[in-house]
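Notes for the one structure printed next.
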Amino acid sequence: MARLIARGGTAAADLDAARSLEFLSRIVDLLSTSAERRALLDAALDASLVPLGLSKGAVFLRKGATDALEVGAARGFPVARGGAAAAPGVLEAGMGLANVAIRRKGAFAIPDLSREAHAKELHGACLSAGLTVSSAALVPVAVGPRALGAILVVSEPPRDFTASERGFLKLVGALLGWTLVGQGALRDVEARNEELKTLARALDQRTAELKELDQYKTRSIHLITHEMRKPLTPIFTYADMLLGLDFPPEKQRHFLEQIRSAADEMNQYVSEMIETAKLEEGGIQMLFEDADVVAAAEGAVGRWRKEAQTAGVTLEAHSDLVRRVYTTDGVKIGEILENLIENGIKYTPESGKVSVNLRKNGPDLEMSVKDTGIGIAPEDLPGLFQKFNIIKKAAVPRPTHRAGLGLYLARVYAEALGGSIGVTSELGKGSTFTVRIPVGT
Ligand code: ADP
């Protein structure tokens, strides 16, 4: 940063109008280009000293919002190694005088430090620091009634600070005050800007999330309507056939069975939707009681035995449990297993196998449903337990009901029981879904 050098480098006895203006304009340049606070204070101190041909002085500033002062800049006082002022007494005594300037709200000169009562401390401190100083001038650093600190300049030879010199110092004090306030305001504005930017970023993210949610809802509605209409096709077709032509009784029975099975599928779909809606509205009610978990698993297997047979898939269950009864919700355990077994059968081609296994792993009841089915690609695993997640590209072995809710419900139930659900899978080889429910030892 450019420093202020007095022309000729000599002490100016007094400042004439033209030189004052020249200095002032250079001070304004210096203050407005000193972005850093330290550099700004140094520039202000130089601006106070150099035009008056002085070399010793200090700027004192208020610490935050308190009345206490601290040294902002100092020149001409010997400095010890490490930057600590060698004459702390001098600066402390200077602080006392700075407080007087702040209280008086005006510039004042002390032509003879040894004789002025409130300057004796500074004089003594200078003497004991080996400095000969005779006179001093002080000016508040202020913006209107708001005092931010004060500037002290001292002179070795005795000196009367003239009215124009005091006026000049006052201007420097005011300029420094305005610049400090301006910089503070600028910092505030920058901080606000940063806050606004952060808010804007958060808002952008929220908007993106909402957009995604909206798209997800649209996708879900498409999917739901599509899935709901699927079973309607056989219902209409067989009903029309029955209405239109006379079929032999066994044909009629077959058509009615097809209608019934399509209606069942629709019913299952609607039940899953209702279950999901209930979950979202009111959470899940769990009924913890002494539950025979083996019986719950056998019940689940039993309910899917017929479908497994129809699909040509072997369904078997095995338990390694020594104890069968635990305090948990047996009905929900049955529902979790049913969802997994249903999937196992759905996604396993003919002559494959679905096996359910129960065992104890530490404090957990561990239930796994393993199939030799189509498997899941690694990139499809994240989000598998999210609502309406259907792997469209999956090579589903046979036409089937798909709503993308089974795994979601299984996860929500497992979590409500304090447990978790996970999967390991290999595309084309099969999958193993494992549910862990803490039941104690
Ligand atoms: P749904 O089976 O009704 O579509 P789920 O939530 O039960 O819904 O399953 C989500 C998706 O995960 C299924 O659409 C399917 O692509 C895949 N998936 C689930 N279980 C298996 C499995 N055992 N083997 C292969 N893919 C599976």
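Do you know which of the residues in region 398-439 that are of a type in the set (F, W, Y) and under 32 Å from the mean Cα position of the chain (by Cα) is surrounded by the most Cβ atoms within 10 Å (Cβ to Cβ)?
Applying the filter and picking the extreme gives Y413.
A200 - would you say it is assigned by TED's automatic domain parsing to the domain that holds L138 and either without any contact (Cβ under 8 Å) to a residue 24 or more places away in the chain or closer than 30 Å to V139 by Cβ (or both)?
no
Going through region 383-425 one residue at a time, which ones are farther than 23 Å from L287 by Cα and among the small types (G, A, S)?
Correct list: G383, A394, A395, A403, G404, G422, S425.
Just to be sure I understand the filter: pairs with C-beta atoms under 6 Å, separated by 6 or more residues or on different chains, first member in region 338-352 and under 9 Å from G406 (Cα atoms), second member assigned to a helix (DSSP H, G or I) and near the ligand (Cβ under 7 Å from one of its atoms). Which pairs pass?
Every condition considered, the pairs that remain are N339/G406; N343/G406.
Could you list, in sequence order, all residues of region 374-387 that are surrounded by fewer than 17 Cβ atoms within 10 Å (Cβ to Cβ) and part of a loop (DSSP other than H, G, I, E, B)?
A377, L381, P382, G383, Q386
Out of region 216-266, which residues are under 59 Å from the mean Cα position of the chain (by Cα) and acidic (D, E)?
Selection gives E227, E257, D264, E265.
Answer yes if at least one residue in region 363-373 is in a loop (DSSP other than H, G, I, E, B) and out of contact with any Gly (no Cβ under 6 Å at 6 or more places or on another chain), and no otherwise.
No, because not a single residue in region 363-373 is in a loop (DSSP other than H, G, I, E, B) and out of contact with any Gly (no Cβ under 6 Å at 6 or more places or on another chain).
Tell me which residues, restricted to region 29-69, are more than 23 Å from N99 (Cα to Cα) and buried (at least 21 other Cβ atoms within 10 Å of the Cβ).
L30, L31, V50, P51
When the residues of region 390-423 are filtered to those that are touching a residue at least 24 places away in the same chain (Cβ under 8 Å) and among the hydroxyl-bearing types (S, T, Y), which remaining residue is farthest from the ligand (Cβ to nearest atom)?
Selected residue: Y413.
Each row is one residue, and each column tells you yes or no for (1) within 16 Å of the ligand (Cβ to nearest atom); (2) in a strand (DSSP E or B); (3) at pLDDT below 95.
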site: E281; (1), (2), (3): no, no, yes
site: V322; (1), (2), (3): no, no, yes
site: E335; (1), (2), (3): yes, no, yes
site: P349; (1), (2), (3): yes, no, no
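Among the candidates D160, D204, single out the residue that is modelled with pLDDT of 90 or more, surrounded by fewer than 16 Cβ atoms within 10 Å (Cβ to Cβ) and in contact with a Pro (Cβ under 8 Å, 6 or more places away or on another chain).
From the options D160, D204, the qualifying one is D160.
Let me confirm something: among G330, G302, which residue is crowded, with 16+ Cβ neighbours inside 10 Å and away from the ligand (no atom under 16 Å from the Cβ)?
Sole residue among the options that is crowded, with 16+ Cβ neighbours inside 10 Å and away from the ligand (no atom under 16 Å from the Cβ): G330.
Restricting attention to region 351-362, report how many residues are closer than 16 Å to I421 by Cβ and within 16 Å of the ligand (Cβ to nearest atom).
So the count comes out to 2.
Being in a strand (DSSP E or B) and loosely packed, with under 13 Cβ neighbours inside 10 Å is the filter here; which residues of region 102-150 pass it?
Across region 102-150, the qualifying residue is only R146.
Only one of A239, A295, A263 is assigned by TED's automatic domain parsing to the domain that holds V354, of a type outside the set (D, E, K, R) and in contact with a helix residue (DSSP H, G or I) (Cβ under 9 Å, 6 or more places away or on another chain). Can you tell me which?
Exactly one of A239, A295, A263 is assigned by TED's automatic domain parsing to the domain that holds V354, of a type outside the set (D, E, K, R) and in contact with a helix residue (DSSP H, G or I) (Cβ under 9 Å, 6 or more places away or on another chain), namely A295.
Could you pull out the residue among E426, E379 that is within 15 Å of the ligand (Cβ to nearest atom), outside the structural domain of I274 (by TED's automatic domain parsing), farther than 29 Å from T310 by Cα and not β-branched (V, I, T)?
Step by step, each of E426, E379 is checked, and only E379 is within 15 Å of the ligand (Cβ to nearest atom), outside the structural domain of I274 (by TED's automatic domain parsing), farther than 29 Å from T310 by Cα and not β-branched (V, I, T).
Just the residues that are under 16 Å from L358 (Cα atoms) and either near the ligand (Cβ under 9 Å from one of its atoms) or not in a loop (DSSP other than H, G, I, E, B) (or both), please, taken from region 429-441.
The answer is T432, F433, T434, V435, R436, I437, P438.
Determine whether A317 is in contact with a helix residue (DSSP H, G or I) (Cβ under 8 Å, 6 or more places away or on another chain) and within 13 Å of the ligand (Cβ to nearest atom).
no
So M367 fits all but one of (1) buried (at least 19 other Cβ atoms within 10 Å of the Cβ); (2) within 12 Å of the ligand (Cβ to nearest atom); (3) under 30 Å from V270 (Cβ atoms); what number is the exception?
(2)
The values are calculated or read from the model by the stated rules, or taken from the named source; none is laboratory data. For clarity, every value in this text was computed on a predicted model and none was experimentally measured. Every residue, glycine as well, gets a Cβ built from its backbone with ideal geometry; the counts of neighbours run over all protein chains shown.
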